[in-house]
Amino acid sequence: MSLATRLQQRWYSDLPPLWWTLPLEALYRSVSSARARKASPVRIGVPVIVVGNITAGGTGKTPLTLAIVDELRARGMKPGVVSRGYGGSQVEPALLPEGATARQYGDEPALMRQAGALVAVGRDRPAAARLLVEHGCDVVVADDGLQHLRLARDVEICVIDGARRFGNGRLLPAGPLREPVTRLATVDFVVCNGGTPWAHEIPMSLTGNEAQSLVDSSRHLLLEYFRGRVVHAVAGIGNPGRFFQGLRKRGIEVIEHPFPDHHDFIPGDIVFGDGHPVLMTTKDGMKCRAFATPEVFVVPVTAHCPGSFYDRLVGLISPEGKGD
């Protein structure tokens, strides 16, 4: 059992934290507080919407970011997405070209660019965001930027996993939290992905009804096609169990293959030699296209939130709201 698996078992159960994580938690708390005090936020001249979370691992930030981009476009705006580009080799701020690869720019930025969003990456997020403004963007959406305080923001959105929520409530590495739960009192929206939203939380659901071949993007199959069949389900995301459970709810018999978030896939990770189809997340598929076989499919998902959420969000970045 890997260390990451052992830690997560402690985070999301009644088991006490591993003893050695407690002094590290105190150190993490001290360093995080010092960083927050020293932060000097930089404004870039257009409204900035930050989408992030306070827990380690995936909560659905990227699908929500894309949904926000689509909604802003539908309302006549020109949004762009800024990301650190985690997992990619790109260091200097850069706009992603068409056909951007996960290896150079990171899996999530490459996925968002493939989905049609204008995306910039860079360890210097304000500099990357300025590239978007120079390219004509009138609002910037920061993907996974809640703890990156150098980029000034007008709206903060925290996405939480409605099933796992905050685990044992402790900070890393004794628990899953990047910041204390009290941080939620300072954000503009708490979006609850799945589960039962608490009071004042915005409900969000992820839906995906079909699988798309990685080899032939024109080949689409309804997930109903796989009902009653055995498939290999591959997921290198923050919470692979969510992907596996979603397939099982469709009546699909799943052989689970979980990997760490942002895993760098190799052919052996998705080739099993038994003839069963392989279903994987779209983010993971970004890194497997070059060596996928015809029976490897990705399952795209779309985030859905109430229309009133988007109305309030746009209100906050309008001239009479919190925007510049």
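The values are calculated or read from the model by the stated rules, or taken from the named source; none is laboratory data. Predicted, not measured: the structure shown is a model, and the values here were computed from it. Methodologically, a virtual Cβ is constructed for each residue, glycine included, from the backbone with ideal geometry; neighbour enumeration extends over all protein chains shown.
See the values below:
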quantity: Residue list for region 1-27, filter: in a loop (DSSP other than H, G, I, E, B) and at pLDDT 90 or above; calculated: 12, 13, 14, 15, 16, 17, 18, 19, 20
quantity: Residues located in region 48-100, provided they are without any contact (Cβ under 8 Å) to a residue 24 or more places away in the chain and out of contact with any strand residue (DSSP E or B) (no Cβ under 7 Å at 6 or more places or on another chain); calculated: 70, 74, 76, 89, 97, 98, 99, 100
quantity: Pairs where the first residue, in region 151-174, is without any contact (Cβ under 8 Å) to a residue 24 or more places away in the chain and the second is outside any strand (DSSP E or B) and buried (at least 20 other Cβ atoms within 10 Å of the Cβ), C-beta under 7 Å, 6+ apart; calculated: 169/175
quantity: Residue list for region 126-144, filter: under 23 Å from residue 179 (Cα atoms) and either assigned to a loop (DSSP other than H, G, I, E, B) or at pLDDT 95 or above (or both); calculated: 126, 141, 142, 144
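Per-residue answers, yes or no, for (1) farther than 27 Å from residue 25 by Cα; (2) β-branched (Val, Ile, Thr); (3) modelled with pLDDT under 95:
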| residue | (1), (2), (3) |
| --- | --- |
| 146 | no, no, yes |
| 171 | no, no, no |
| 176 | no, no, no |
| 181 | no, yes, no |
| 195 | yes, no, yes |
| 207 | yes, yes, yes |
